[in-house]
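K.L.:
One structure coming up, written as structure tokens, with questions to follow.
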Amino acid sequence: MVTIKAKYIAALAATGALALAGCGASNSGGEGGEGGSGDSKGSDTAAAFTDCTVGESFAAAEGEGTGEDKDTELTIGAFNGWDESFATAHLLKAVLEEEGYTVTVEAFEAAPAFAGVAAGDIDIITDAWMPVTHPQYIEQFGDDIEHLGCWYDNAKLTLAVNEDSPAKSIEDLPEMADEYGGKIYGIEPGAGLTKTTQEKAIPEYGLEDYEFVVSSTPAMLTQVQKATDSNENVLVTLWRPHWAYSSFPMRDLEDPKGAMGDAEIISSAARSGFAEENPRAAQIIKNLALDDEQLSSLEDNMMNPEKHDGANHDAAVADWLKENPEFADQLIAGELNAG
């Protein structure tokens, strides 16, 4: 079945869904594109994703075990390169499997993952960003997907510094170039975060005296590690959610001009009919909520090279749940802190 699904999603991508990725979807700052027919159902779905408040869908998941759910074998799609996508997918997998479900996490690019949910070949995705990153997919597939609640509302692009450095706001930086070695360490050239920094933050705040070092996410994190080890100041492009906030003493600079953009909301979504057919699983997913500290620590445990290094997500999640022993029960009961 996995092979059939993979071939089907590849076919969807080849026939046009993947072309939407050219709009720039990325968890390091993708930008939404134009799209959709604007029909009422699709618009209602878009509004559900955009206007969601974390916690508004909380309720106790009724029944025991799989209860009245039709499906006990579930597929969760996770987006390649999106750490929070794998973190939440494997976290839900761990909880749902304790409840009697069999869960498979499959990796896809964002565009074919949305297409696969709309086609019914993927049951759940957990990483729909609105209103900036994924509106084109919500508009295109909104008639055939269901909103399953939002679990995080602080997804944003940032300029970040070490915690004890002098700058508090991006506005402070023009006079502090010497404090940061005259450099802003960035990530990949094609990332939306890089584009936003180059085209908005640097000109709007007058940061032209800084060298913007564009390279890769691992190279940026290496600079953070070096600065931490040597107790020096560092200035980098970063985004929330990211495990660096848990692993290193980093903080975001205030952005009074809004050059880096507003925070986005991250939601879960399912194939059409999923919640009606699987009310218990759907409610457990709707009950998900993670704050910055929880999400950073979970991602850190999964992705940090000194911990699980992305090699065994299930083991990393199991360790995290041991460190947070009340989380699973609170998730099922709809009693997590909504922030």
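K.L.:
Give GLY339, GLY261 a once-over and let me know the one that is at positive phi, in contact with a strand residue (DSSP E or B) (Cβ under 6 Å, 6 or more places away or on another chain) and not in a helix (DSSP H, G or I).
P.N.:
From the options GLY339, GLY261, the qualifying one is GLY261.
K.L.:
Let me ask something additional. Return the residue satisfying two criteria in turn: it lies in the range 62-95 and is open to solvent by 30 Å² or more (accessible area, probe 1.4 Å) and among the polar types (S, T, N, Q), and of such residues it is modelled with the highest pLDDT.
P.N.:
THR72
K.L.:
On to the next question. Could you pull out the residue among ALA115, ALA128, ALA160 that is part of a helix (DSSP H, G or I) and modelled with pLDDT of 95 or more? Spell out the reasoning first.
P.N.:
Numbers: ALA128 fails: part of a helix (DSSP H, G or I); ALA160 fails: part of a helix (DSSP H, G or I).
Testing whether each residue is part of a helix (DSSP H, G or I) and modelled with pLDDT of 95 or more leaves just ALA115.
K.L.:
Before we move on, is GLU64 without any contact (Cβ under 8 Å) to a residue 40 or more places away in the chain and farther than 26 Å from GLN294 by Cα? Outline the logic, then answer.
P.N.:
Numbers: without any contact (Cβ under 8 Å) to a residue 40 or more places away in the chain: yes; farther than 26 Å from GLN294 by Cα: yes.
Yes, satisfied.
K.L.:
Taking the range 202-240 as the search range and keeping residues that are in a helix (DSSP H, G or I) and either among the basic types (Lys, Arg) or touching an Asp or Glu at 6+ places or on another chain (Cβ under 8 Å) (or both), which one is modelled with the lowest pLDDT?
P.N.:
Residues of the range 202-240 in a helix (DSSP H, G or I): 202-205, 217-230.
Cutting the leftovers down to either among the basic types (Lys, Arg) or touching an Asp or Glu at 6+ places or on another chain (Cβ under 8 Å) (or both) gives us 202, 205, 217, 226.
Numbers: ILE202: 98, TYR205: 98, THR217: 91, LYS226: 98.
So, considering only residues that are in a helix (DSSP H, G or I) and either among the basic types (Lys, Arg) or touching an Asp or Glu at 6+ places or on another chain (Cβ under 8 Å) (or both), the one modelled with the lowest pLDDT is THR217.
K.L.:
Another question about this same structure. Quick check on the range 197-209: of everything there that is surrounded by fewer than 19 Cβ atoms within 10 Å (Cβ to Cβ) and under 23 Å from the mean Cα position of the chain (by Cα), which residue is nearest to GLY261 (Cα to Cα)?
P.N.:
Restricting to residues being surrounded by fewer than 19 Cβ atoms within 10 Å (Cβ to Cβ) and under 23 Å from the mean Cα position of the chain (by Cα), the top hit is LYS200.
One line per residue, one yes/no per condition, for (1) crowded, with 21+ Cβ neighbours inside 10 Å; (2) within 28 Å of ILE332 (Cβ to Cβ); (3) within 19 Å of the chain's Cα centre (by Cα):
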site	(1), (2), (3)
THR102	no, yes, no
GLY116	yes, yes, yes
TRP129	yes, yes, yes
PHE141	yes, no, no
LEU157	yes, no, yes
ILE170	yes, no, no
MET176	no, no, no
TYR180	yes, no, no
GLU211	no, no, no
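K.L.:
With the requirement that a residue be among the small types (Gly, Ala, Ser) and either surrounded by fewer than 21 Cβ atoms within 10 Å (Cβ to Cβ) or under 22 Å from VAL224 (Cβ atoms) (or both), what does the range 289-337 give you?
P.N.:
SER296, SER297, GLY310, ALA311, ALA315, ALA316, ALA318, ALA328, ALA333, GLY334
K.L.:
Here's another thing I want to ask about it. Please verify whether ALA107 is open to solvent by 10 Å² or more (accessible area, probe 1.4 Å) and either closer than 17 Å to ASN233 by Cα or out of contact with any Pro (no Cβ under 6 Å at 6 or more places or on another chain) (or both), treating the condition exactly as stated.
P.N.:
Details: open to solvent by 10 Å² or more (accessible area, probe 1.4 Å): yes; either closer than 17 Å to ASN233 by Cα or out of contact with any Pro (no Cβ under 6 Å at 6 or more places or on another chain) (or both): yes.
Yes.
The values are calculated or read from the model by the stated rules, or taken from the named source; none is laboratory data. Not measured: the values here are computed from a predicted model. Glycine also receives a Cβ, built like all others from the backbone with ideal geometry; neighbour counts cover every protein chain displayed. Side chains are part of the model used for accessible areas, which takes the heavy atoms of the whole protein and leaves out ligands, DNA and RNA. Shrake-Rupley method; radii C 1.70, N 1.55, O 1.52, S 1.80 Å.
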